[in-house]
Amino acid sequence: MVTPLLELQNIAKSFPGVRALNDVSFTLERGEICTLAGENGAGKSTLLAILGGSLVPDHGSVIIEGTVRQHFTPRQALADGVRIAHQEPAIVPQLTVEQNLVLGRTSRQRRDAGKDIEQALADVAQMGFPLNAKASVRGLSPAQRHALTIARALAFGAKIVALDEPTTSMLEHNVEGVLNRVRNCPHPRGGYHLRLT
Ligand SMILES: Nc1ncnc2c1ncn2[C@@H]1O[C@H](COP(=O)(O)OP(=O)(O)OP(=O)(O)O)[C@@H](O)[C@H]1O
Ligand SMILES: [Mg+2]
């Protein structure tokens, strides 16, 4: 049997007064494109924060390529190839487009990032937002910021990419550009829909 790329097993997470996630399990195979659906407050962003190592679940396991990650941190998630484009774009307005693309990389990785930056900018353009690498991010619209974070998530050897409501600020033709880019991942295949309630 092929080991799944990702397994989330029996994840539970509560905040004071709120049970955000209760026994959620999720499996992702290589190339699989899945939808996570649920109304406002259903726990989608909370689950993705756990996948990105920035929230620790109360119960349950994150298993990446068969290895249980006991103390999963953002650094470990990055090392495991997990990339998340958060609902609120994590962009530093004082920096340029290019500098934002390599946020979180070591100086060596930044030096070697030329091709990935080029690809990310091509992806952003394909979504309908031609951006200049040297431009400041300060003046970008919410849709452009989302496109930048999506392209960043898809670049740099990503293995598992999660997009958290990335197209809410976009027009229809931009949304189509994002979906086309997602369908262009290596060996894409239809996944399933997980509904959180
Ligand atoms: N840091 C936090 N502190 C307290 N409660 C939180 C925190 N983060 C999320 N919650 C609560 O957990 C529940 C799940 O929130 P979450 O943001 O994961 O939902 P969502 O499905 O992403 O919703 P939306 O569609 O509005 O983005 C909500 O009741 C929310 O208020
Ligand atoms: Mg959310």
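No lab work stands behind these numbers, since they all come straight from the coordinates. Computed from a predicted structure; not experimentally measured. Please note: Cβ atoms are built from the backbone with ideal geometry, for glycine as well, and neighbour counts cover all protein chains shown.
Identify, please: which residue in the stretch 75-128 is within 16 Å of ligand 2 (Cβ to nearest atom) and either of a type in the set (Val, Ile, Thr) or part of a loop (DSSP other than H, G, I, E, B) (or both) and is, among those, surrounded by the fewest Cβ atoms within 10 Å (Cβ to Cβ)? Here the residue is Glu88. Looking only at the stretch 161-175, which residues are in a helix (DSSP H, G or I) and exposed (fewer than 15 other Cβ atoms within 10 Å of the Cβ)? Within the stretch 161-175, Glu172, His173 qualify.
Table: residues versus (1) closer than 20 Å to His86 by Cα; (2) touching a Pro at 6+ places or on another chain (Cβ under 6 Å); (3) in contact (Cβ under 8 Å) with a residue 40 or more places away in the chain; (4) more than 16 Å from ligand 2 (Cβ to nearest atom).
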site	(1), (2), (3), (4)
Leu5	no, no, yes, yes
Asn10	no, no, yes, yes
Lys13	yes, yes, yes, no
Gly17	no, no, no, yes
Ser45	yes, no, yes, no
Ala49	yes, no, no, no
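Can you name every residue in the stretch 27-86 that is touching a Ser or Thr at 6+ places or on another chain (Cβ under 7 Å) and over 23 Å from His146 (Cα atoms)? Result: Asp58, Glu65, Gly66, Val68. None of Val137, Val124, Val82, Val102 is farther than 28 Å from Leu5 by Cβ and in contact with a helix residue (DSSP H, G or I) (Cβ under 7 Å, 6 or more places away or on another chain) except Val137.
Filtered by the rule that a residue be touching a residue at least 12 places away in the same chain (Cβ under 8 Å) and either touching a helix residue (DSSP H, G or I) at 6+ places or on another chain (Cβ under 8 Å) or within 12 Å of ligand 1 (Cβ to nearest atom) (or both), the stretch 19-38 gives Ala20, Leu21, Val24, Phe26, Ile33, Leu36, Ala37, Gly38. Kindly evaluate Thr149 against the criterion of being among the β-branched types (Val, Ile, Thr), surrounded by fewer than 19 Cβ atoms within 10 Å (Cβ to Cβ) and within 16 Å of ligand 1 (Cβ to nearest atom). The answer is no for Thr149. Could you please find all residues in the stretch 122-141 being out of contact with any Gly (no Cβ under 6 Å at 6 or more places or on another chain), of a type outside the set (Asp, Glu) and closer than 17 Å to Glu176 by Cα? Once the filter is applied, which keeps residues that are out of contact with any Gly (no Cβ under 6 Å at 6 or more places or on another chain), of a type outside the set (Asp, Glu) and closer than 17 Å to Glu176 by Cα, the stretch 122-141 yields Ala122, Val124, Ala125, Phe129, Pro130. Candidates are the residues of the stretch 57-97 that are more than 14 Å from the chain's Cα centre (by Cα) and charged (D, E, K, R); the one that is nearest to Ser14 (Cα to Cα) is Asp58.
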